[in-house]
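S.K.: Quick one: the structure is below, questions incoming.
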Amino acid sequence: KEVYVKDGEWYTEEIEVQGKRVTVKVNGKVINDYTEPAEPTDKLKRLSRGTVALQGHDPKSVIYYKNIMIKVLPH
């Protein structure tokens, strides 16, 4: 598994959603580029409008966020 930042290090993360495409960058490097298929084969939720959520997966971890910005992009 590739590590993009060290523990305890601040980093910049960009998440861009345009239509059915989601691009995730850490410190400017693309780490995930996903396009939802026309007919998803699994039972995951489909991309739509709505809530944005940030979370840490390790229940014992401490996460800090700063300078969160959300921008509506043109269609």
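The values are calculated or read from the model by the stated rules, or taken from the named source; none is laboratory data. Note that the structure is predicted; figures quoted are calculated from it, not measured. Cβ sites come from the backbone with ideal geometry, for glycine too, and all protein chains shown count toward neighbours. Only protein heavy atoms, including side chains, enter the accessible area calculation; ligands, DNA and RNA are left aside. Shrake-Rupley method; radii C 1.70, N 1.55, O 1.52, S 1.80 Å.
S.K.: Counting only other residues whose beta carbon sits under 15 Å from that of Val52, what net charge do I get with K and R as +1, D and E as -1?
M.R.: 0
S.K.: While we're on this one: In the chain, how does Rg compare with the Kirkwood Rh, expressed as the Rg/Rh ratio over alpha carbon atoms?
M.R.: 0.97
S.K.: Along the charge dipole of the chain, which of Asn67, Val5, Asn32 sits closest to the positive end, that is, farthest toward it, with unit charges on the beta carbon of Lys, Arg, Asp and Glu (+1, +1, -1, -1)?
M.R.: Working it through, the farthest residue towards the positive pole turns out to be Asn67.
S.K.: Here's something else I'd like to know. Which GluC sites (Glu not before Pro) in the stretch 1-58 sit in a loop by DSSP (not H, G, I, E or B) and have at most 13 other Cβ atoms within 10 Å of their own Cβ?
M.R.: Glu2, Glu9
S.K.: Can you give me the % of accessible surface on the chain that is carbon or sulfur? Probe 1.4 Å, all protein chains present, nothing else counted.
M.R.: About 53 percent, which is the carbon plus sulfur part of the accessible surface.
S.K.: Among the trypsin sites (Lys or Arg not before Pro) within the stretch 26-75, which fall in a DSSP loop and have no more than 13 other Cβ atoms within 10 Å of their own Cβ?
M.R.: Here the trypsin sites (Lys or Arg not before Pro) that fit, given the DSSP loop and packing criteria, are Lys43, Lys45, Arg46, Arg49, Lys60, Lys66, Lys71.
S.K.: Only Lys, Arg, Asp and Glu count, each charged at its Cβ (+1, +1, -1, -1), so figure out the dipole size of the stretch 4-75 about its Cα centre, rounded to 20 debye.
M.R.: That gives the stretch 4-75 a dipole magnitude of about 220 debye.
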